[in-house]
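What follows is a short report on a single structure.
The values are calculated or read from the model by the stated rules, or taken from the named source; none is laboratory data. From a predicted model like this one, the values you see are computed outputs, not experimental measurements. Methodologically, a virtual Cβ is constructed for each residue, glycine included, from the backbone with ideal geometry; neighbour enumeration extends over all protein chains shown. Each accessible area value is taken on the protein alone, full model and side chains, heavy atoms only, with ligands, DNA and RNA left out. Shrake-Rupley method; radii C 1.70, N 1.55, O 1.52, S 1.80 Å.
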Amino acid sequence: MPHFLDIDTTETEALRAMIDAARAMKDRRNGRPKGAPDDEQSLAGRMVALIFEKPSTRTRVSFDVGVRQMGGETMVLSGADMQLGHGETIADTARVLSRYVDLIMIRTFEAATLQEMADHATVPVINGLTDRSHPCQIMADVMTYEEHRGPIRGKRAVWTGDGNNVCASWLHAAGQFGFDMTFSGPQQLDPGREFVDFARGKGSDIRIERDPARAVEGADIVIADTWISMHDAQSARERRHNLLRPYQVDERLMGRAAPDAVFMHCLPAHRGEEVTSAVMDGPHSVVFDEAENRLHAQKAILRWCLGT
Ligand code: CP
Ligand code: NVA
């Protein structure tokens, strides 16, 4: 079953084909109204369930619009409103939904929930974010970088801040797309060893540099994300802010990167915390292109899953 669960568990060639397909599909839509159908109605007659156990703006809207542009239909479901949120098992939910829909996209907490859904569904399952990873986002990010600056292979991305779920998928992408990465954050918030090992195992040069100024020196890509993720306890807020404050991306830090460096953020951003407005709205920022490319990248992922 062609699930899209993570970047490390998807074939390298398939990932590259998805990025190229996404760019071609985006080109073909150039200038058309958002609601206009694609010429190739590649999801005609298909029904897609979008399940959210956490809030979402981009994932929800981009999947919904993308499926519709391809001629398919969606149903957006809140985990809390389903029996899933009231004791029905993930496995049974997967078995039942597979009788109604052609594909399931789920945003959830534990990675084990996503895996259980995939193990028991008889239709493809897509990871729309877990506590552990966010692969759809980084597919859009790789697409965005390449659209602006050409091949990402051999470039250096610098992650600043918390070694979280988005950082994990960036490390997976470093291994799969052949770029190097530096993590710059406090030791307490280092990314999981398995993500670093995966990228190194694929030949990427992965560095840990506690000093953000040194980390960013000459970087091709500078990345930030929220200091408090949806799965983090609010009670940890003050401690995290204290740990992460030195890693804020401001114009001075961004100025140490390569002159043609891009600034990336998956959004939502907390302006004045992990990044300043001057950087978010400045000449290096491609954050709204990343958000747009969620739409195009996920359309390619959906087609790959459904073989259309
Ligand atoms: N970047 C991202 O996944 O955004 P949402 O939480 O709004 O879906
Ligand atoms: N790291 C963030 C990403 C949000 C898209 C979170 O998990 O909340």
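Filtering Val67, Val48 for residues that are aliphatic (A, V, I, L, M), more than 13 Å from ligand 1 (Cβ to nearest atom), assigned to a strand (DSSP E or B) and open to solvent by less than 30 Å² (accessible area, probe 1.4 Å) leaves a single hit, Val48.
For segment 22-43, what are the residues that are modelled with pLDDT of 95 or more and of a type in the set (S, T, N, Q)? Residues satisfying the conditions are Gln41, Ser42. Scanning segment 70-98 for residues that are open to solvent by 40 Å² or more (accessible area, probe 1.4 Å) and among the small types (Gly, Ala, Ser) gives Ser78, Ala80, Gly85, Gly87. Can you name every residue in segment 51-63 that is buried (at least 18 other Cβ atoms within 10 Å of the Cβ) and within 23 Å of Thr93 (Cα to Cα)? Selection gives Ile51, Phe52, Glu53, Ser56, Thr59, Phe63. Within the bounds of segment 216-226, is there any residue that is closer than 30 Å to Glu11 by Cβ, touching a helix residue (DSSP H, G or I) at 6+ places or on another chain (Cβ under 6 Å) and either charged (D, E, K, R) or open to solvent by 70 Å² or more (accessible area, probe 1.4 Å) (or both)? Yes, segment 216-226 contains a residue that is closer than 30 Å to Glu11 by Cβ, touching a helix residue (DSSP H, G or I) at 6+ places or on another chain (Cβ under 6 Å) and either charged (D, E, K, R) or open to solvent by 70 Å² or more (accessible area, probe 1.4 Å) (or both). Taken over segment 227-249, the criterion of being open to solvent by 10 Å² or more (accessible area, probe 1.4 Å) and in contact with a strand residue (DSSP E or B) (Cβ under 8 Å, 6 or more places away or on another chain) is satisfied by Tyr247, Gln248. Report whether or not Glu40 is of a type in the set (D, E, K, R), away from ligand 1 (no atom under 16 Å from the Cβ), touching a helix residue (DSSP H, G or I) at 6+ places or on another chain (Cβ under 9 Å) and more than 22 Å from Ala22 (Cβ to Cβ). It is false that Glu40 is of a type in the set (D, E, K, R), away from ligand 1 (no atom under 16 Å from the Cβ), touching a helix residue (DSSP H, G or I) at 6+ places or on another chain (Cβ under 9 Å) and more than 22 Å from Ala22 (Cβ to Cβ). Kindly check whether there is at least one residue in segment 2-11 that is open to solvent by less than 20 Å² (accessible area, probe 1.4 Å), touching a Cys at 6+ places or on another chain (Cβ under 8 Å), touching a residue at least 40 places away in the same chain (Cβ under 8 Å) and not polar (S, T, N, Q). Yes, segment 2-11 has at least one match.
Each residue in segment 99-129 was checked for being surrounded by fewer than 24 Cβ atoms within 10 Å (Cβ to Cβ) and assigned to a helix (DSSP H, G or I), and 10 pass. Per the conditions (1) within 16 Å of ligand 2 (Cβ to nearest atom); (2) of a type outside the set (A, V, I, L, M, F, W, C); (3) more than 20 Å from the chain's Cα centre (by Cα), the sole criterion not satisfied by Asp81 is (1).
For segment 130-239, the strands (runs of 3 or more DSSP E) that sit wholly inside it and include 3 or more residues that are more than 12 Å from ligand 2 (Cβ to nearest atom) are 156-160, 180-184, 206-208.
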